[in-house]
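The values are calculated or read from the model by the stated rules, or taken from the named source; none is laboratory data. These numbers were taken from a predicted model, which means no experiment stands behind them. With ideal geometry, Cβ positions are generated from the backbone for all residues, glycine too; neighbour counts draw on all protein chains shown. The protein model used for the area step is the full one, side chains on, heavy atoms only, and it has no ligands, DNA or RNA in it. Shrake-Rupley method; radii C 1.70, N 1.55, O 1.52, S 1.80 Å.
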Amino acid sequence: ANPMVPCSSVEEVEATLGWEVTAPDLSQASLSLINGSMFQASWEDGSLYRVARTSIWGTDISGNYNAYNCTLESSTGNVSIMMKGDSEDEYTLLTWVDDGFSYAWSCGTGMTRSDAEAFVQSILTTP
């Protein structure tokens with residue numbers, strides 16, 4: 001069986017997961033669940049966002065095992081962010097853990113450190 005199941009709405013995702021999904025703007029994204037316990041959103045430009053319980057999936061849920069020239073550990077609030085990219089102004093993979101959940105953001109267009117921190121902060125503060 002395919003572990004990835006498409007979903008039509010965030011409400012459907014949350015009903016299956018049993019918890020509220022915090023995420024960037026999902027209006028243009030394709031939503032799916034992996035093994036019924038990880039949320040994934042993907043965009044046509046290749047961007048990918050994932051969130052899952054750390055207790056089930058561990059801290060790095062990106063599924064990305066590429067080698068990067070630059071790796072930086074940064075933080076926003078009390079959350080530590082691992083940033084990876086091909087240069088210091090082009091971070092394309094972010095992973096972080098907050099309040100029992102693991103998050104991953106992979107994007108085609110590289111982000112600066114400050115943009116990456118602001119992006120993570122925007123998700124942490126999503127009501």
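Descriptive notes on the structure:
- Under 5 Å, built H, 5+ apart or other chain: amide partners of Ala23: none
- Apolar share of the accessible surface for the chain: 47 percent from carbon plus sulfur atoms, 1.4 Å probe.
- Per-residue [θ]222 nm for the chain (sum of -39500 (n - 2.57) over DSSP H runs n ≥ 4, rounded to 500): -5000 deg cm²/dmol
- Between the Cα long axis of helix 113-124 and the first principal axis of the chain there is an angle of about 30°, rounded to the nearest 10.
- The distance between label points at Ser42 and Cys70 comes to 2.7 nm (points 7 Å beyond Cα on the Cα→Cβ vector).
- Relative contact order, percent, the chain [alpha-carbon distance under 8 Å, six or more residues apart]: 21 percent
- Positive-pole candidate from Met82, Thr22, Met38, dipole of the chain, charges at beta carbon: Met38
- Low-density loop positions, GluC sites (Glu not before Pro), the stretch 14-86 - DSSP coil, at most 16 other Cβ in 10 Å: Glu20, Glu44
- Surface analysis of the chain yields an accessible area of 54 Å² per residue, using protein heavy atoms and a 1.4 Å probe.
- Among (1) 129; (2) 100; (3) 110, the entry derived from the coordinates for volume of the Cα convex hull per residue in Å³: (3)
- The fraction of all Cα pairs in the stretch 26-99 landing in successive 5 Å bins from 0 to the largest distance is 3, 14, 22, 23, 21, 14, 2, 0, given as whole percents.
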